[in-house]
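Below is one structure, written out as structure tokens; the observations come after it.
The values are calculated or read from the model by the stated rules, or taken from the named source; none is laboratory data. Note that this is a predicted model, so its numbers are computed, not measured. In this analysis, Cβ positions are derived from the backbone assuming ideal geometry, glycine residues included, and neighbour counts consider all displayed protein chains. The area values use the complete protein model at the heavy-atom level, side chains included, leaving out ligands, DNA and RNA. Shrake-Rupley method; radii C 1.70, N 1.55, O 1.52, S 1.80 Å.
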Amino acid sequence: MITKKIKSAREALKDVLKSSFGEFVRDIRECDEMSQTELAKRMHVSRQFINSIEKDKANVSLDMAIKIARALGYPYEAFVEIFLNDMLRKSGIKKVVHLESKAA
């Protein structure tokens, strides 16, 4: 029997800005020991769609990135930041986005 080594949250977040959005989603999902099927059920999408996101084959919108964050039970800001940086990197733009909270 082959067991898959699960990354710690610290390992998963180590080089997060270098990760694709799909890799980030997979790492977070695996750290939480959640299956693709469970995430798909929470989002009301197919497991195949989750698989295509994690393999960076699906076109993911900003709204979908937020939906994924909420389905995983995390604040959406980190997911949006990773999503935007991944889009910039894929477009060949060598800039990095950092989100700040708006002061009240």
Checklist entry - Looking only at the stretch 78-98, which residues are exposed (fewer than 11 other Cβ atoms within 10 Å of the Cβ) and in contact (Cβ under 8 Å) with a residue 12 or more places away in the chain? => result His98
Checklist outcome for this item: Listed by first then second residue, the pairs whose first member lies in the stretch 39-53 and is within 16 Å of Phe21 (Cβ to Cβ) and part of a helix (DSSP H, G or I), whose partner is open to solvent by 40 Å² or more (accessible area, probe 1.4 Å) and not aromatic (Phe, Trp, Tyr), with beta carbons under 7 Å and at least 6 positions apart or on separate chains, are Met43/Lys67
Checklist entry - Restricted to the stretch 29-44, and to residues that are open to solvent by 40 Å² or more (accessible area, probe 1.4 Å) and in contact with a Leu (Cβ under 9 Å, 6 or more places away or on another chain), which residue is modelled with the highest pLDDT? => result Arg42
